[in-house]
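Down below is the structure, laid out as structure tokens.
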Amino acid sequence: MFSPPFIFRIFSCLSFTFLASVITAQPSAQITELGIPVRGVGWVRLHPGALADRTPSLLISMGQHGGGLFVLDVDLETGRCRQYGTNWDEAALAPASYRSPLTGILYVGSAYAGHLHRYDPTRPERGLEDLGPIDPELATFSTGIAEGPDGKIYVGAYPGACLSVFDPATDSWTRHGRMDDVDKYYRVVVGDDGTIAGQILSTHWRIVVFDPTTGKPHRVGPSVVEPVKSKPRYHFFKGVDGLLYLDSFEGAFRIQGLEAISIESTELPAEMPGVEAAYTNGYQSLPTLPDGRIVEWADPDSIDFRELRVKTPGKNDDRILTLDWQGGGSELWTIHLGPDERIYGSSMLPERFFGIDRDGRNSIDHGRVSLSLGEGYSMVNLQNGLIAIASYPKSRISLYDPRLPYRFGTGPGSNPLDIGRVDEVGDRPHAMTTTPDGRIWVASAPQYGLIGGTLAWLDPKTLERHSHRDVLTDCSPFSLLWLPQLERLLVGFIVEPGTGRAARAKRGGFALWDPASDEASYVGDFDYPELAGVVSLAHGRDGLVYAISGRNPRLVTHYNAAPVSSQLLLIDPVSQRVVDSAPIPESFGPMPFESANTLRRDSDGTLYGTTSQTVFRITPGTVEIAPVARITGGDASVIGPIHEGELFFATIYRLRKLALPTVNE
């Protein structure tokens, strides 16, 4: 559930000065800032505890992109918050956090800086301290934080499935490297007896214990290959007795020392609260204060995280506290032109849906749009004036009518209405389109740990749906285009696997899909051996089609795929061949992270291509391109629509528009 390291974006921005000197023939572009449409927070966790004098204390960790993650020190009587942040955009999210029951200190691991941060409520003047990189070679974010009986802090991290140890007594690190040579996730837990163990995810589930005397990892107990397929019983946890346990399909085990000791299932204790914490609507809640009071979110369904309920079990003394934290901005993920010609979009982690006029007025953060809570990956306008939104995770579909009041839900009268998943495998719905029969088609990458994405359709009237997997072996569909002359759906594939896997395929391809028979009439590379992956499609003249062959930066950073140069292709889908191609100059800048829809057609028919730094015009019927504008003041992280000469795009959490020069200029 994570976007790429901000280092990619930093490099892109730093390289601009040099690259701008290479391209000198472009008109200067007028860029208008439309504001920060979403200031939400994600990875929200409650951390009740106590100060040294046993005074009840509540800390909250929250992730955001504008200014980085922050910690709230909450006054339990008034709800007023002291807010301490990283003040570092790259340290944006907080996927792992831990509050010590011994010291009351809160530790938070940041993504994608890969640092560990510390807040000591008895030393607030220190703020949120940066303790340095978890592992500068192997870690972009922490996947688990635990405290040992020796007082040391043990941190497991992605993508190196590594283990690092921080010693608060000396403020020093010991980094032990990889705990697994295949997978990327290591979720560490430490027993009160000193046993250090963690679960490996995603292509395998296995338990790896760490021997502190030798510094070596050891696999113990049963393991599972491709667990997402088989969904076995496999639960690793710390018990209320302080020891570590595995409740598995092969029986119960106590993980102790360097062994997995078989025990009777009746010997499994209850799970220790606060280690693998209870989750409410995806957000961690450790509700009990030392004096017995319970703290819980009063507004979890809205994902606003402004209202806290404090209550005492058995008493009618509930109080609602309103928190006064200040948000800096949420990264934008999708930008879409609605049927009413307003701009709509989604933020990431959590997924909040916004709408705004094209001139920047009447900006509304509507809030929740899906049960997914991740990101809205793609949107499409339907024939009846609705907008369909496809969301990660689980490729859920929501239907929104902009003519009606906003009231998200899953039942009658909801708007948007979450109508569920399109299939059981799709996770990241990169593209959507419709066919003349009214069906919605969804192109998705698979769930974590799997290979082979899905092409699925859903009839929004009947809710009938069907899915096809591995249309192109080991690849995922990424782009879609309806071809009315052929009555076929053109599907472009990339090599993306599910998160946690390395890419297996070397190159993507194309498919021509017949909706009537619901099967492919062609699968291949259109006789273009240099094809890397099809990241965008657009109509050309006389039935020809444009495509961009390239590689999403996520594949390079997360899935061990080699970087490639981008090519503009002109395709004849009738003869099933690439009729011409040309490189997109590297001086134009890298592809945006969300590289779908980088080919965009204006309302006057002019076709443009985009990178994160350059907009270029395509001469109709050829692969000749000419740069027309430079994106300044920060790279484009998401490319939105072009309408009436204006390109809408995002620079992380800022919504912006660029006025394109006319064709005659």
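The values are calculated or read from the model by the stated rules, or taken from the named source; none is laboratory data. Treat the numbers as computed from the prediction; the structure is a model and nothing was measured. In this analysis, Cβ positions are derived from the backbone assuming ideal geometry, glycine residues included, and neighbour counts consider all displayed protein chains.
Remarks
- The residues on offer are Glu351, Glu375, and the sole one that is of a type in the set (Asp, Glu), under 25 Å from Ala538 (Cα atoms) and surrounded by 16 or more Cβ atoms within 10 Å (Cβ to Cβ) is Glu375.
- Any hit, region 599-614, residues being closer than 16 Å to Gly550 by Cα, of a type in the set (Gly, Ala, Ser) and not in a strand (DSSP E or B): yes
- Remark: Leu450 matches the filter, which requires a residue to be in contact (Cβ under 8 Å) with a residue 60 or more places away in the chain, out of contact with any Leu (no Cβ under 7 Å at 6 or more places or on another chain) and assigned to a loop (DSSP other than H, G, I, E, B).
- Looking only at region 411-465, and only at residues there that are among the hydroxyl-bearing types (Ser, Thr, Tyr) and more than 23 Å from Asn597 (Cα to Cα), the one that is nearest to the chain's Cα centre (by Cα): Tyr448
- Residue match in region 179-194 (condition: surrounded by fewer than 19 Cβ atoms within 10 Å (Cβ to Cβ), closer than 22 Å to Arg45 by Cβ and not hydrophobic (A, V, I, L, M, F, W, C)): no
- Sole residue being within 25 Å of Ser444 (Cβ to Cβ) and not basic (Lys, Arg), chosen from Ala596, Ala629: Ala596
- Asn664 meets all of the listed conditions (1) under 19 Å from Pro585 (Cβ atoms); (2) modelled with pLDDT under 95 but one, namely (1).
- Any hit, region 343-350, residues being over 19 Å from Arg656 (Cβ atoms) and modelled with pLDDT of 95 or more: no
- Residue in region 108-117 that is among the polar types (S, T, N, Q) and more than 26 Å from Pro273 (Cβ to Cβ) present: no
- Residue list for region 169-211, restricted to those being among the polar types (S, T, N, Q) and farther than 30 Å from Pro446 by Cα: Thr170, Ser172, Thr174, Thr195
- Candidate set: region 593-625, residues that are within 19 Å of Gln567 (Cα to Cα) and without any contact (Cβ under 8 Å) to a residue 40 or more places away in the chain; chosen: the one surrounded by the most Cβ atoms within 10 Å (Cβ to Cβ): Thr610
- Verdict on Thr632 being of a type in the set (Ser, Thr, Tyr), more than 31 Å from the chain's Cα centre (by Cα) and either under 19 Å from Ile584 (Cα atoms) or at pLDDT 95 or above (or both): no
- Each residue in region 202-220 was checked for being within 18 Å of Phe237 (Cβ to Cβ) and surrounded by fewer than 22 Cβ atoms within 10 Å (Cβ to Cβ), and 1 pass.
- Test: residue in region 118-136 that is buried (at least 22 other Cβ atoms within 10 Å of the Cβ) and not in a loop (DSSP other than H, G, I, E, B): yes
- None of Ala161, Ala157, Ala139, Ala111 is closer than 16 Å to Gly42 by Cβ and buried (at least 24 other Cβ atoms within 10 Å of the Cβ) except Ala111.
- Some residue of region 97-112 being closer than 23 Å to Gly160 by Cα, touching a Pro at 6+ places or on another chain (Cβ under 8 Å) and without any contact (Cβ under 8 Å) to a residue 60 or more places away in the chain: yes
- Within region 547-581, being crowded, with 21+ Cβ neighbours inside 10 Å, in a strand (DSSP E or B) and not β-branched (Val, Ile, Thr) holds for Ala547, Ser549, Leu568, Leu569.
- For region 448-475, the set of residues classified as buried (at least 22 other Cβ atoms within 10 Å of the Cβ), of a type outside the set (A, V, I, L, M) and either touching a Cys at 6+ places or on another chain (Cβ under 7 Å) or within 24 Å of Asp418 (Cα to Cα) (or both) consists of Gly453, Thr454, Trp457, listed by residue number.
- Sole residue being of a type in the set (S, T, N, Q) and surrounded by fewer than 24 Cβ atoms within 10 Å (Cβ to Cβ), chosen from Ser395, Ser363, Ser444: Ser363
- Any hit, region 172-180, residues being part of a loop (DSSP other than H, G, I, E, B) and under 22 Å from the mean Cα position of the chain (by Cα): no
- Residue in region 418-434 that is within 20 Å of Pro339 (Cα to Cα), in contact (Cβ under 8 Å) with a residue 24 or more places away in the chain and part of a loop (DSSP other than H, G, I, E, B) present: no
- Residue within region 449-456 that is within 15 Å of Trp513 (Cβ to Cβ) and of a type outside the set (A, V, I, L, M, F, W, C) present: yes
- Single residue of region 628-665 satisfying the filter (of a type in the set (Val, Ile, Thr) and outside any strand (DSSP E or B)) that is nearest to Ala431 (Cα to Cα): Ile652
- Cβ-Cβ distances below 7 Å connect the following pairs, each with a first residue in region 113-132 that is farther than 16 Å from Val155 by Cα, a second residue that is surrounded by fewer than 16 Cβ atoms within 10 Å (Cβ to Cβ), and a separation of six or more residues or different chains: Asp120/Arg126; Pro121/Leu51; Thr122/Leu51; Thr122/Ala52; Pro124/Arg82.
- Taking first residues from region 72-94 that are aromatic (Phe, Trp, Tyr) and partners that are buried (at least 17 other Cβ atoms within 10 Å of the Cβ), the Cβ contacts under 7 Å between residues at least 6 apart in sequence or on separate chains come to Tyr84/Phe70; Tyr84/Val71; Tyr84/Tyr119; Tyr84/Gly127; Tyr84/Leu128; Trp88/Gly68; Trp88/Ala113.
- Any chance Lys152 is in the same structural domain as Glu90 (by TED's automatic domain parsing), farther than 18 Å from His115 by Cβ and among the charged types (D, E, K, R): no
- Matching residues, region 247-267, being of a type in the set (A, V, I, L, M, F, W, C), over 16 Å from Arg233 (Cα atoms) and assigned to a loop (DSSP other than H, G, I, E, B): Leu258
- Selection from region 31-75 of residues that are of a type in the set (Ser, Thr, Tyr) and crowded, with 24+ Cβ neighbours inside 10 Å: Ser61
- Taking the criterion of being of a type in the set (Ser, Thr, Tyr) and modelled with pLDDT under 95, the residues of region 182-212 that qualify are Ser202, Thr203.
- Residues considered: Gly438, Gly385, Gly360. Of these, the only one that is assigned by TED's automatic domain parsing to the domain that holds Glu646, assigned to a loop (DSSP other than H, G, I, E, B), more than 22 Å from Ser302 (Cβ to Cβ) and touching a strand residue (DSSP E or B) at 6+ places or on another chain (Cβ under 7 Å) is Gly360.
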